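Data block below; observations after.
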Amino acid sequence: QVQLVESGGGLVQAGGSLRLSCRASGRTFSGYSMAWFRQAPGKEREFVGAVSWSTGSTTHADSVKGRFTVSRDNAENTVFLQMNNLKPEDTAIYYCAASPLTLHYDPRGYVYWGQGTQVTVSS
């Protein structure tokens, strides 16, 4: 069974940093895009960033570019989201997801999802 498990969420002050982890298991992810999405109450699920499992290439949403960085450690089957200079509008549940397609932002293409980890940024 494929499983994605997020960790590292919490409560931080605006301007602070958090590092989220997503441990992946149950299959090999060669050729997959490993992504982070987030969802705030009453809002649509929003793409944050993604990394190619095989090449390490990344893409990030404009709203987080320069502040957030997606990366992966293939040896540990883990994807990371480093979040710096956090803002209150970053408050959301953050989800890890995997897609068999090349890097993209459409949640419809992501077939595996974690359960999410809460990130709360206070002003």
For A75, the lone unmet condition from (1) out of contact with any strand residue (DSSP E or B) (no Cβ under 8 Å at 6 or more places or on another chain); (2) among the hydrophobic types (A, V, I, L, M, F, W, C); (3) assigned to a strand (DSSP E or B) is (3)
Of the residues in the range 95-113 that are open to solvent by less than 10 Å² (accessible area, probe 1.4 Å) and small (G, A, S), the one that is farthest from E6 (Cα to Cα) is S99
Of the residues in the range 54-69, those that are crowded, with 19+ Cβ neighbours inside 10 Å and in a loop (DSSP other than H, G, I, E, B) number 1
Scanning the range 82-111 for residues that are under 21 Å from P41 (Cα atoms) and part of a strand (DSSP E or B) gives M83, A92, I93, Y94, Y95, C96, A97
For the range 21-46, pairs from a residue that is part of a loop (DSSP other than H, G, I, E, B) to a residue that is among the β-branched types (V, I, T) and exposed (fewer than 14 other Cβ atoms within 10 Å of the Cβ), with Cβ under 6 Å and 6 or more apart or across chains, are G26/V2; R27/V2
Q. Does at least one position in the range 30-44 carry a residue that is of a type in the set (A, V, I, L, M), open to solvent by 60 Å² or more (accessible area, probe 1.4 Å), at pLDDT 95 or above and closer than 17 Å to P88 by Cα?
A. no
Reported set for the range 42-72 where residues are in contact with a strand residue (DSSP E or B) (Cβ under 9 Å, 6 or more places away or on another chain) and charged (D, E, K, R) is K43, R45, E46, K65, R67, R72
For the range 16-31 the number of residues that are of a type outside the set (A, V, I, L, M, F, W, C) and closer than 30 Å to S123 by Cβ is 4
Looking across the range 70-94 at residues that are free of Cβ contacts under 8 Å to residues at least 40 places away in the same chain and within 12 Å of the chain's Cα centre (by Cα), the single one that is least open to solvent (accessible area, probe 1.4 Å) is V70
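The values are calculated or read from the model by the stated rules, or taken from the named source; none is laboratory data. Keep in mind it's a predicted model, so treat the numbers as computed, not measured. Ideal geometry is used to build each Cβ from the backbone, glycine not excepted, and the neighbour counts take in all protein chains shown. Just so you know, the surface numbers come from the protein's heavy atoms only, side chains and all, with ligands and any DNA or RNA stripped out. Shrake-Rupley method; radii C 1.70, N 1.55, O 1.52, S 1.80 Å.
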